[in-house]
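Here's the structure, in structure tokens; my notes come after.
The values are calculated or read from the model by the stated rules, or taken from the named source; none is laboratory data. All of these numbers come straight from a predicted model, not from anything done at the bench. Note that we place each Cβ from the backbone using ideal geometry, even for glycine, and neighbour counts take in every protein chain shown.
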Amino acid sequence: MKTQYICTNCEYTTSKWMGRCPLCGEWNTLEEREVESAEKPKGAARKVTRTALNSASKSMKIKDITYTDCFRFSTGIGEFDRVLGGGIVEGSVVLLSGEPGIGKSTLLLQICSSIAEGTDILYVSGEESAPQIKHRAERLGVTTESLSILCETNINNITTEIEAIKPKVVIIDSIQTMYDDNLASMPGTVTQVKQSAMCLISIAKTLGTAVIIVGHVNKDGAIAGPKVLEHMVDSVLYFEGNKQHLYRIIRAAKNRFGSTNEIGVFEMGDDGLTEVANPSEALLSQRPHGVSGSCAVCVMEGTRPIIAEIQALVNSSPTPSPRRMASGIDYNRSALLLAVLEKRLGLKFSSLEVYLNVTGGLQLYETASDMPTALALISSLKDTPIPEDLIAFGEIGLAGECRSVTGMELRINEAIRLGFKTIAIPAHSAKTLKKKYSGVEIVPIRGVYDLKGLLGL
Ligand SMILES: Nc1ncnc2c1ncn2[C@@H]1O[C@H](COP(=O)(O)OP(=O)(O)O)[C@@H](O)[C@H]1O
Ligand SMILES: [Mg+2]
């Protein structure tokens, strides 16, 4: 029998013991394990391993395949249902991940309360004691009778309990605390996380139980544990937002049962998370008046346009290398916009400090926010406020030209709904849209050189 050393954290395998795993950098994680000899007798046939799944596998003609529509049920929280694609699918496994303290346990406990009366739910906690959960439930006003709590970390005991009580929904808080006592490694290691997830997935598929798994994220924001966990589950949801911010956003990174670009917006308060059905209004509610550097921006989140506020602060720098900071917007994109404005409009940003911030903790990923960002920068540099009823969207190219973006009409409708009167859009789309909207002024923008005019400069 040969032995090998296997890292319990990342499964790196080596024939020699080392103090530190060269792959994941963890100390003292290499464990000695016996492996079957790789040498095979000459001429031996390759061993084919069969799993339960492929034991009865036979190909079928696509026309012969029948199916029944997957059955969904509502969680009672509209914003959460929206991200899932219209509710939880029976027998599906959802991974909900986010930083500690973002509100995962709070949201899931609230779901236990909002879900239809009489739905059997098993909440398995490996992090908190039953009295702690009871205390939180009382604070959130959760009094669901069909909710059972299990404080356990041994996945085999958990699956036994699930099989015994056959709940409709199982919540696992969190996967990093679960372990299989048949494995030698510590809870939270790749092997344990994978094994626990596999047990839960197989029970979800056999019993038709919907399983929601909480997963922690590591320092880099990725789900702590193997990437393979994301491939194993049906949906991956990320709970985003800054703990200091009021708003929390749930985004689907993967969804086998729906679109991945819907977001759900929540507000964190003393009595838990409340849905923000009208995020634009909420995000604009604290907008300052008559101050330079603030511009309204409209981004598409899935099928929903959301209006937020982008702020710029341009100031003289006390040091020869001025500070640049971008929060809620890609740093490299902001550097590109500064370069375009400097080159095409001759605006001198290079010796100035530049700070950019999207309020409410929203993250802008779309190039449609180029134009409002540029406007906010010019406004702050020139210390000229942007008219409050002006909104702009469009991509800015390296030549300083303004380019069309998708969802123009949806964005314009949302802007009109919120009372914006002047809508600056790429000239290419403006031609046709101008005729369509009569109550508002549609201003065509050909390039960055048109932006100064919007500010009356
Ligand atoms: N007793 C409490 N009173 C008010 N707010 C609380 C209380 N306990 C926790 N919270 C708030 O709820 C937030 C979310 O907590 P929690 O749901 O446990 O997060 P997670 O499960 O994602 O780690 C915390 O950041 C905190 O602000
Ligand atoms: Mg928690």
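Annotations for the structure displayed:
- Test result for residue 83, surrounded by 16 or more Cβ atoms within 10 Å (Cβ to Cβ) and not in a helix (DSSP H, G or I): no
- Residues that are within 12 Å of ligand 1 (Cβ to nearest atom) number at least 3 in the following helices (runs of 4 or more DSSP H) confined to the stretch 93-208: 104-114, 130-140.
- Residue-level check: of (1) modelled with pLDDT under 90; (2) among the β-branched types (Val, Ile, Thr); (3) within 16 Å of ligand 2 (Cβ to nearest atom), residue 149 misses just (1).
- Cβ separations smaller than 7 Å between residues 6+ apart or across chains give the following pairs from the stretch 266-285 residues that are touching a residue at least 12 places away in the same chain (Cβ under 8 Å) and more than 25 Å from residue 413 (Cα to Cα) to residues that are in a strand (DSSP E or B) and within 16 Å of ligand 2 (Cβ to nearest atom): 268/248; 273/248; 273/266.
- Condition met for residue 111 (away from ligand 2 (no atom under 13 Å from the Cβ), over 26 Å from the mean Cα position of the chain (by Cα) and not hydroxyl-bearing (Ser, Thr, Tyr)): no
- Residue ID - surrounded by the most Cβ atoms within 10 Å (Cβ to Cβ), chosen from residues in the stretch 223-237 that are under 15 Å from residue 98 (Cα atoms) and modelled with pLDDT of 90 or more: 237
- For the stretch 227-262, residues that are charged (D, E, K, R) and assigned to a helix (DSSP H, G or I) total 1.
- Among the candidates 58, 63, the residue that is outside any loop (DSSP other than H, G, I, E, B) and either over 30 Å from residue 212 (Cα atoms) or modelled with pLDDT under 90 (or both) is uniquely 63.
- Yes/no for residue 299 being within 30 Å of residue 261 (Cβ to Cβ) and modelled with pLDDT under 95: yes
Here is a yes/no grid of residues against (1) out of contact with any Leu (no Cβ under 7 Å at 6 or more places or on another chain); (2) assigned by TED's automatic domain parsing to the domain that holds residue 229; (3) of a type in the set (Ser, Thr, Tyr):
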site	(1), (2), (3)
83	no, yes, no
102	yes, yes, no
118	yes, yes, no
144	yes, yes, yes
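- When restricted to residues that are under 18 Å from residue 372 (Cα atoms), free of Cβ contacts under 8 Å to residues at least 40 places away in the same chain and assigned to a loop (DSSP other than H, G, I, E, B), the stretch 286-325 contains 1.
Let's see how each residue does on (1) at pLDDT below 95; (2) under 19 Å from residue 457 (Cβ atoms); (3) surrounded by fewer than 18 Cβ atoms within 10 Å (Cβ to Cβ):
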| residue | (1), (2), (3) |
| --- | --- |
| 336 | no, no, yes |
| 339 | no, no, yes |
| 380 | no, yes, no |
| 397 | no, no, yes |
| 405 | yes, no, no |
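- Restricting 215, 264, 272 to residues that are within 30 Å of residue 10 (Cβ to Cβ), within 16 Å of ligand 1 (Cβ to nearest atom) and modelled with pLDDT of 85 or more narrows the list to 215.
- Residue 167 being within 16 Å of ligand 2 (Cβ to nearest atom) and either crowded, with 19+ Cβ neighbours inside 10 Å or assigned by TED's automatic domain parsing to the domain that holds residue 112 (or both): no
Let's see how each residue does on (1) in contact with a Ser or Thr (Cβ under 7 Å, 6 or more places away or on another chain); (2) in a helix (DSSP H, G or I); (3) under 23 Å from residue 333 (Cβ atoms):
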{"site": "377", "(1), (2), (3)": "no, yes, yes"}
{"site": "423", "(1), (2), (3)": "no, no, yes"}
{"site": "431", "(1), (2), (3)": "no, yes, no"}
{"site": "435", "(1), (2), (3)": "no, yes, no"}
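- Selected residue (only one of 311, 286 is surrounded by 16 or more Cβ atoms within 10 Å (Cβ to Cβ) and either more than 21 Å from the chain's Cα centre (by Cα) or not assigned by TED's automatic domain parsing to the domain that holds residue 390 (or both)): 311
- Summed over the stretch 238-259, residues that are at pLDDT below 85 and touching a helix residue (DSSP H, G or I) at 6+ places or on another chain (Cβ under 9 Å) total 8.
- Filtered residues of the stretch 124-136 (kept if in contact with a Cys (Cβ under 7 Å, 6 or more places away or on another chain) and within 11 Å of ligand 2 (Cβ to nearest atom)): 125
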